[in-house]
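The values are calculated or read from the model by the stated rules, or taken from the named source; none is laboratory data. Here the structure is a predicted model, which means the values were calculated and not measured. Here the Cβ positions follow ideal geometry from the backbone for every residue, glycine too, while neighbour counts run over all protein chains shown. All accessible areas refer to the heavy atoms of the entire protein, side chains included, with ligands and DNA or RNA removed. Shrake-Rupley method; radii C 1.70, N 1.55, O 1.52, S 1.80 Å.
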Amino acid sequence: MSFVLPPASHILVVSNDIARRDQIVAALNAAARPDDPVQLSAFASDPGEPALDAVRRDGDLHLVLIDHHDTADRSAVHLAKAIASLRPELSLYLMLEDDDTKLLVEELAGDAVDGYFFRSETDHAGWLRILAAEVAQTAATPFYDALRHYVAQAKDSWHTPGHAGGDSYKSSPWVGDFHAFVGEQMLRADLSVSVPMLDSLLHPTGVIAQAQRLAAQAFGARKTYFATNGTSTSNKVIFQTLLTPGDKLLLDRNCHKSVHHGVILSGARPVYLDSSVNERHGLFGPVPRARVLQAITDHPDAKVLILTSCTYDGLRYDLAPIIDAAHAAGIKVVVDEAWYGHARFHPALRPTALEAGADYVTQSTHKVLSAFSQASMIHVNDPDFDEHLFRENFNMHASTSPQYGLIASLDVARRQAVMEGYKLLDRSLNFAAELREKINATGAFRVLELNDLLSDEVRGDGIRLDPTKLTIDLSASGWGADELRGELIERFNIQIEKNTHSTLTLLLTIGTTRSKVSRLFDAMLRLAKQAQKERRTPRPTTRLPKIPHFTRLACLPRDAFYEAGERLPLLDDAGQPNPALVGRVCCDQIVPYPPGIPVLVPGQVIDAAILGYLVRLLQTQKSIELHGLATHDGELHLRVLTVAELVALRPL
């Protein structure tokens, strides 16, 4: 068992009055109890930049107490706002002269301040109790605590699931090893909705509702909902809430396939926006800002705009001007932040989509924070939010038997993000900078910077890079990406996130450790030396076949998808692109993976360029999976509308 130090919580006391602040620090520290599970301790700082430096340096800081010593001086309010902007997860208290000062501060500071003390009071032990309660409230995990408490009661199970707390595994000579592998507590915590004290995800009024309120506060949302089937389902829920059949939707063609599935389910009419492409490295980036703004102008009847920020490779939009333009046109903005759920907890990664004004944000809490796989969150800031309609759509997709371990992991992940996310992310960012330097020093590999990742059409769009996502260019080493990925897993036990034909992508998270960084660099250095020893030559620059532009929709995607259609072979008898497919309307979503961008969506007209692109992929890119094609008699087919079906459907 590893040794873990107890948590620490620091209180920063800020004042120009050195004697008073030293007195308060001493009194707070004297009142601290050694048996307190959260070790509260106070230290002092001058106002202004010294206080901000302390906030930046101390990852265990949770409380700031600012002395508002002069009612005419607004510096305390300005400092409170600056700290809230830098680290919104911190709790801020002000020391005031009287009630008149309090009214002034409340008017100026708004929601930045969490509480007040009066300077004339000398009950610093009482102050500490209040501050300790603030920490306890922030760190609370209501659902996880209830789940743990229930499991500890060791109730006999006469309800689902059938393994009855793991007893069916434990007594089995065939699957008893699964009990040992998964663990006693995990199985005992796998419960059903038959346990009222654990609340209901479909109609939360107890501990799940409390956990969701804490998550909303942590991530800066009006409402937050826990999802146990990933961001894929979260996107579909939002679409069905905001869109009715025929409603127009502006969407990034680079969106996750769940967004395109949501188009089918909602019956929306999509307007696809081609994303930028780095053809050299096979990387797809944001939609150019001018293209998004033009689409907003051209489609004033659009109901929703959805964008992905950040992308798989860490590219994120300058969202604020886009969201402002959409809102001015009456368009709701949804941001798929699946890969960016950690951003709220470090100033180097902000602003988040919610901070930029997005109405709805989906996050894969499991991707970059400490939740279990499939555990995600939906954040809502829409002033016109219809909670009843949202709940009906949410319940349509959610299981009536949710995995309580997933819900508990969301509760715990939020607690960790608030209490130590800043410290852990700061560590990850330092690791990322260190790896960039060391990998580049090998001479064989190079970590791509923002300028390398952007295509020319988006260079002036204010796009930024999430430094925790490293894209390594392998072309100078002589190693192929698939070959090198195999070497890393087989020889060095290192599993990467993904690769293209010439790059590897590494994901640094709050779980990245010094040992992992060391092992990765050692592997990259050995592989670089091997390439030099074997005199490997740089590989010629190969480009993926260029993805064709979107053609047009002949009908709503939903209408095409639900028709039976007919299946035509992708290749003709001579092994060439089948000309019979040109001009036909596709019924399915055809997605090369990677990168995962649909080449065809239901309802889209097929042209010769798209057909040729699919065939070239199959012939030249053996590592790419082509999702959506049907196999018949060993040959690949496309499902397309029959002529009669197309005539019968409502045209666009």
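Things to note:
- Scanning the range 284-314 for residues that are open to solvent by less than 10 Å² (accessible area, probe 1.4 Å) and in a strand (DSSP E or B) yields Val304, Leu305, Ile306, Leu307.
- Qualifying positions in the range 13-40 - within 38 Å of the chain's Cα centre (by Cα), over 16 Å from Ile130 (Cβ atoms) and aliphatic (A, V, I, L, M): Val14
- Residue satisfying condition, being among the hydrophobic types (A, V, I, L, M, F, W, C) and modelled with pLDDT under 95, within set Ala432, Ala398, Ala417: Ala398
Residues checked against (1) touching a Pro at 6+ places or on another chain (Cβ under 8 Å); (2) of a type in the set (Asp, Glu); (3) in contact (Cβ under 8 Å) with a residue 24 or more places away in the chain; (4) closer than 29 Å to Gly596 by Cα:
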site: Leu435; (1), (2), (3), (4): no, no, yes, yes
site: Gly443; (1), (2), (3), (4): no, no, yes, no
site: Asp461; (1), (2), (3), (4): yes, yes, yes, yes
site: His501; (1), (2), (3), (4): no, no, yes, yes
site: Gly511; (1), (2), (3), (4): no, no, yes, yes
site: Leu525; (1), (2), (3), (4): no, no, yes, no
site: Ala528; (1), (2), (3), (4): no, no, yes, no
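- Residues satisfying the stated conditions in the range 32-82, i.e. touching a Lys or Arg at 6+ places or on another chain (Cβ under 6 Å) and open to solvent by 20 Å² or more (accessible area, probe 1.4 Å): Ala44
- Subset tally (residues that are among the basic types (Lys, Arg) and surrounded by 17 or more Cβ atoms within 10 Å (Cβ to Cβ)) for the range 1-31: 1
- Subset of the range 464-498 (residues that are assigned to a loop (DSSP other than H, G, I, E, B), more than 24 Å from Glu434 (Cβ to Cβ) and in contact (Cβ under 8 Å) with a residue 60 or more places away in the chain): Gly478
- Every residue from the range 519-539 that is of a type in the set (Lys, Arg) and assigned to a helix (DSSP H, G or I): Arg519, Arg526, Lys529, Lys533
- Extreme residue, most open to solvent (accessible area, probe 1.4 Å), among residues of the range 584-611 that are assigned to a helix (DSSP H, G or I) and without any contact (Cβ under 8 Å) to a residue 60 or more places away in the chain: Ala608
Every residue, every condition in (1) aliphatic (A, V, I, L, M); (2) in contact with a strand residue (DSSP E or B) (Cβ under 9 Å, 6 or more places away or on another chain); (3) surrounded by 13 or more Cβ atoms within 10 Å (Cβ to Cβ), yes or no:
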residue: Leu507; (1), (2), (3): yes, yes, yes
residue: Arg514; (1), (2), (3): no, no, no
residue: Phe521; (1), (2), (3): no, no, yes
residue: Leu525; (1), (2), (3): yes, no, yes
residue: Glu534; (1), (2), (3): no, no, no
residue: Thr537; (1), (2), (3): no, no, no
residue: Pro540; (1), (2), (3): no, no, no
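- Matching residues in the range 559-578 - criterion: being modelled with pLDDT of 95 or more, open to solvent by 50 Å² or more (accessible area, probe 1.4 Å) and outside any loop (DSSP other than H, G, I, E, B): Phe561, Glu566, Arg567
- Residue list for the range 330-340, filter: assigned to a loop (DSSP other than H, G, I, E, B) and in contact (Cβ under 8 Å) with a residue 40 or more places away in the chain: Ile331, Ala338, Trp339, Tyr340
- Listed by position, the helices (runs of 4 or more DSSP H) contained in the range 341-451 that have at least 3 residues being surrounded by 21 or more Cβ atoms within 10 Å (Cβ to Cβ) and under 16 Å from the mean Cα position of the chain (by Cα) are 365-368, 404-441.
- Test: Leu265 is open to solvent by 10 Å² or more (accessible area, probe 1.4 Å) and outside any strand (DSSP E or B): yes
- Selected residue (criterion: farthest from Asp452 (Cα to Cα)) from residues of the range 469-504 that are open to solvent by less than 20 Å² (accessible area, probe 1.4 Å) and of a type in the set (Val, Ile, Thr): Ile496
- Filter result (out of contact with any Ser or Thr (no Cβ under 6 Å at 6 or more places or on another chain) and open to solvent by 30 Å² or more (accessible area, probe 1.4 Å)) within the range 452-464: Asp452, Asp456, Arg459, Gly460, Gly462, Arg464
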